1. Take each of the peptides 125-132, 101-108, average the number of other beta-carbon atoms within 10 Å over its residues, and list them starting from the highest.
2. Please list 3J(HN,Hα) in residue order for segment 181-197, calculated via the Karplus relation 6.51 cos²θ - 1.76 cosθ + 1.60 where θ = phi - 60°; whole Hz, with x for glycine and proline.
3. Starting from the amide H of PHE29, placed 1.01 Å from N in the peptide plane, find each other amide H under 5 Å away whose residue is 5 or more places distant or on another chain.
4. Per residue of segment 239-246, what does 6.51 cos²θ - 1.76 cosθ + 1.60 with θ = phi - 60° give for ³J(HN,Hα)? Whole Hz please, x for Gly and Pro, Karplus curve as stated.
5. Mean shadow of the chain, computed from the convex hull of its alpha carbons, in nm²?
6. Which cross-chain or sequence-distant (5 or more) residues have an amide H under 5 Å from the amide H of GLN12, H modelled 1.01 Å from N in plane?
7. Enter the Cα centre distance for the pair segment 100-125 and segment 5-81, rounded to the nearest angstrom.
8. What are the extents of the Cα atoms of segment 102-176 along their three principal axes, listed from largest to smallest and rounded to whole Å?
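Just so you know, all these numbers are worked out from the coordinates, no wet-lab data involved. Here the structure is a predicted model, which is why all the values come from computation and not from measurement. Neighbour counts are summed over all protein chains in view; Cβ atoms, including those assigned to glycine, are modelled from backbone coordinates with ideal geometry.
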Amino acid sequence: MAEHVITKVEIQKKNRERVNVYIDGHFAFPCNLELVYTFDITKGKIVDVEYLKGIVDENNYMKCKNSALRILDRTYKTEKQMRDKLAEKQYDDGTISKVIDFLKKYKFIDDSKFVELYIKEKIDFQGRNKIKYSLLKKGIGENILNEKLNSIDSHFEEKAALNMAQKKYASILKSENSVKKIYKKLGDYLIRKGYDFSMVKSVLGKVLKECGNFSEKGENTYFKKNNDLDELYAVAKKRYEIIIKSEKDRNKVYRRLGAYLMRRGYPWENIKKVLNKII
């Protein structure tokens, strides 16, 4: 049995309750401070490395699993959100993957179920584009997303959009009487809420015709402008040049630029085309 010497036990900077253990001058493994006292893991001690690592691995797994269950006590999470949370607590990738397998096996996390619950919660006041973008940021795969989003009743979604538009229209009228500006404000509002252009066009027509403010010219001007990929590209490129001055990570640039364009009211499908062209 090969003997090795613990040469350093170092408290982690981000988590004072965990330590990094070095054996023969090289990093060996992280573990909880509690384990240091329980098994007398101290500098200068001669150890059987594989035996010690087995104890530590099992301890880390139990600690990581308990952390995950405490997180789920507070709120339901996607697989990616759970991985990120556990990584923040300094657990290693292997332990995290083992815990994720346990959580999935016993349905503590289920991305498909998460999407269903999220859609049910948001569908009364958000369109599918905003719902999709939010879930993408939470790490949900596009295959699951597309399957669940395609099951949304379009008539129900439009009814929700119409209800929101009527309330917003009444609010806009308090400070605006220009038909062109009403179109823009109401249209931008619905786009930001995540409704696609065809639904926004339908809803705008219904709301404004009911109130005698429909204008075919205003409608054509608004939808031509907001469907213009060249204009979207120009806006995105300008913002991209600003973002990369402080951010070099490609994924973070993608997310920041996408979020900025969504806030400006552009549809996600067009944003994705432009992002793939720029980044």
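1. Values: 125-132: 21.2, 101-108: 12.9.
In decreasing order of mean packing, 125-132, 101-108 become 125-132, 101-108.
2. 6, 4, 4, 5, 5, 6, x, 4, 4, 5, 5, 4, 6, x, 8, 6, 4
3. VAL21
4. With the stated coefficients, segment 239-246 comes to 5, 4, 4, 6, 5, 6, 5, 10 Hz.
5. 19.9 nm²
6. When sequence neighbours closer than 5 places are left aside, the close amide H contacts are ARG18, VAL19, ASN20.
7. Comparing the Cα centres of segment 100-125 and segment 5-81, I get a distance of 30 Å.
8. 56, 22, 18 Å, listed from the longest principal axis down.
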